[in-house]
């Protein structure tokens with residue numbers, strides 16, 4: 001039973017995490033990986049760095065996100081800042097609607 | 001942290017594991033992960049590099065996530081260095097043992113050869129050669145003849161004694177063991193070594209024929225009924241004819257022939273490491289005489 005729940009959690013979390021990450025990026029407009037990890041931690045949606053970076057990488061390849069290396073105004077090493085592309089903003093809008101629709105269904109059943 | 005070897009090694013391993021991804025993308029990934037590590041160490045100085053790397057996970061695991069996200073087949077998860085070295089060490093040792101065994105078999109094969117016709121046992125490719133017909137035993141290069149052997153003959157009447165076992169100890173030799181027709185224990189031996197009386201020890205309930213200090217022993221023994229005859233030897237050829245006594249033989253190399261008495265039953269307890277056993281009929285009857293043969297290399301045959 002524990003395995004079943006773990007498996008289910010992993011499945012539902014995957015899509016949910018992507019939605020939350022995109023929402024966070026939209027909220028802060030531009031954010032780099034380490035900072036995003038911290039923000040996720042703050043809202044109790046912890047994620048392993050070894051999982052986040054590959055996900056951001058894929059979202060960039062899929063043109064949902066765009067990434068810019070920035071060395072100005074930061075001391076030391078360069079940082080890779082992520083922001084939503086136009087397509088990304090459209091996609092996030094659709095994703096939010098889908099989530100709201102799903103949540104409505106949940107509420108209807110739970111009533 | 002300009003050139004931290006651990007960090008460089010981690011990034012090098014990550015780069016290697018990302019192999020399938022185009023080089024410019026790989027460089028981007030490496031730079032981002034490096035940036036993350038530096039930022040983490042900078043923000044949590046007490047945490048240290050080791051913990052930061054541990055939190056990231058093995059470079060191969062991280063690389064596999066990148067590959068999976070791109071729909072590429074991840075590489076095989078590589079073993080941790082500890083497991084890798086243990087495996088190498090284990091296989092290396094196994095290889096050396098195998099090589100040693102091959103040399104052993106090659107140099108000393110056949111391990112044992114029994115020539116029934118000529119009454120001869122050759123052990124370890126001729127390193128030890130027990131020649132029953134000639135009554136000689138050769139170990140290594142030293143070859144000995146029984147020409148200058150001493151004679152040890154004697155008898156002891158066991159009637160009225162509480163003697164229950166007879167021990168015979170030797171290094172190399174041949175024994176013919178017969179049943180005594182009366183209560184007399186008789187021995188008729190030839191052996192090389194000092195002629196003295198110390199070979200015979202009477203300990204009340206047991207008699208010890210100690211030929212361990214002599215070589216090329218050749219004995220005819222007559223054992224009375226009812227006792228246990230114990231033999232301990234290194235290399236030897238033993239013939240038992242119609243025994244009506246219990247037997248306990250512990251031999252390293254050799255050949256044992258057993259001719260059962262028609263009116264006796266025997267319960268055999270045999271243990272042989274290299275060689276074969278044949279022709280022994282074990283009985284579970286209560287009056288069966290216990291016969292124990294323990295042999296490392298050689299043959300046991302019943303007639």
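Derivation of every value follows stated rules applied to the coordinates shown; laboratory data play no part. It should be emphasised that the depicted structure is a prediction, and the values quoted were computed from it without experimental measurement. Glycine gets a Cβ as well: all are built from the backbone with ideal geometry, and neighbour counts include every protein chain shown.
Taking a temperature of 37 °C and a viscosity of 0.692 mPa s, what whole-number D in µm²/s does Stokes-Einstein yield for the stretch B:244-303 with Rh from Kirkwood over alpha carbon pairs?
Values: Rh = 11.6 Å.
The diffusion coefficient I find is 282 µm²/s.
Just want to confirm a number: the relative contact order over chain B, from Cα pairs under 8 angstrom separated by 6+ residues, in percent.
11 percent
How fast does chain B diffuse by Stokes-Einstein, in µm²/s, taking the Kirkwood radius from C-alpha pairs at 20 °C and 1.002 mPa s?
This corresponds to a translational diffusion coefficient of 85 µm²/s.
What angle, in degrees between 0 and 90 and rounded to the nearest 10, separates the Cα long axis of helix B:81-108 from the longest principal axis of the Cα atoms of chain B?
30 degrees
For the stretch B:5-78, count all C-alpha to C-alpha pairs, find those more than 14 Å apart, and express that count as a whole percent of the total.
Everything past 14 Å amounts to 59 percent.
Using only the Cα atoms, what convex hull volume per residue in Å³ does the protein assembly as shown have?
Cα convex hull per residue, to the nearest whole number: 324 Å³.
Arrange A:20, B:219, B:189 by Cβ neighbour counts within 10 Å, fewest through most, would you?
Numbers: A:20 17, B:219 20, B:189 23.
Ascending number of Cβ neighbours within 10 Å: A:20, B:219, B:189.
Return a whole-number percent for the relative contact order of chain A, with Cα pairs under 8 Å and 6 or more residues apart as the contact set.
Relative contact order for chain A comes out at 26 percent.
Residue by residue through B:55-67, how many Cβ atoms from other chains fall within 10 Å of the Cβ on average?
Whole-number average of other-chain Cβ neighbours for B:55-67 is 3.
In the protein assembly as shown, what % of DSSP beta bridges are antiparallel (nearest 5)?
Beta bridges within the protein assembly as shown, antiparallel portion: roughly 40 percent.
If packing is taken as the average number of other Cβ atoms within 10 Å across a peptide's residues, how do A:88-100, B:30-42, B:62-74 rank, most packed first?
Numbers: A:88-100: 13.8, B:30-42: 19.3, B:62-74: 17.5.
Put in order of decreasing packing, that is B:30-42, B:62-74, A:88-100.
Tell me the label-point distance for the pair residue B:6, residue B:118, using the 7 Å Cα-to-Cβ offset, in nm and rounded to one decimal.
Taking the simple label geometry, residue B:6 and residue B:118 are separated by 7.1 nm.
Counting every Cα pair in the stretch B:48-101, what percent are over 15 Å apart? Before the final figure, lay out the partial values.
On the way: 939 of 1431 pairs.
Summing the P(r) tail past 15 Å for the stretch B:48-101 gives 66 percent.
Run the simple label-point estimate for residue B:183 and residue B:288 please: 7 Å along Cα→C-beta, distance reported in nm.
3.0 nm
Quick one: Cα convex hull volume of the stretch A:1-78, Å³ per residue? Kindly include the intermediate steps, with their values, before the conclusion.
Numbers: hull volume 8.7 nm³, N = 78.
Given the Cα convex hull of the stretch A:1-78, per-residue volume reads 111 Å³.
I'd like the mean, over residues of B:30-39, of how many other protein chain beta carbons sit within 10 Å of each residue's own Cβ. Intermediate results must be reported in sequence, preceding the final value.
On the way: counts 0, 4, 11, 4, 2, 10, 10, 3, 5, 9.
Mean shielding count: 6.
For the stretch B:148-302, take the convex hull of the Cα atoms, compute a quarter of its surface area, and give me that in nm², please.
8.7 nm²
Nearest 500 deg cm²/dmol is fine: what mean residue ellipticity at 222 nm does chain B get from its DSSP H runs of n ≥ 4 alone, each adding -39,500 (n - 2.57), divided by its residue count?
About -9000 deg cm²/dmol.
Just counting partner chain Cβ atoms within 10 Å, what average do the residues of peptide B:206-214 show around their Cβ?
Mean partner-chain Cβ count within 10 Å for B:206-214: 0.
How many Å³ per residue does the convex hull of the Cα positions in the stretch A:35-111 occupy?
Enclosed volume per residue, from the Cα hull, is 133 Å³.
Taking the Cβ of each residue in A:19, A:52 as the centre, tally the other Cβ atoms inside 10 Å and list the residues starting with the fewest.
A:19, A:52
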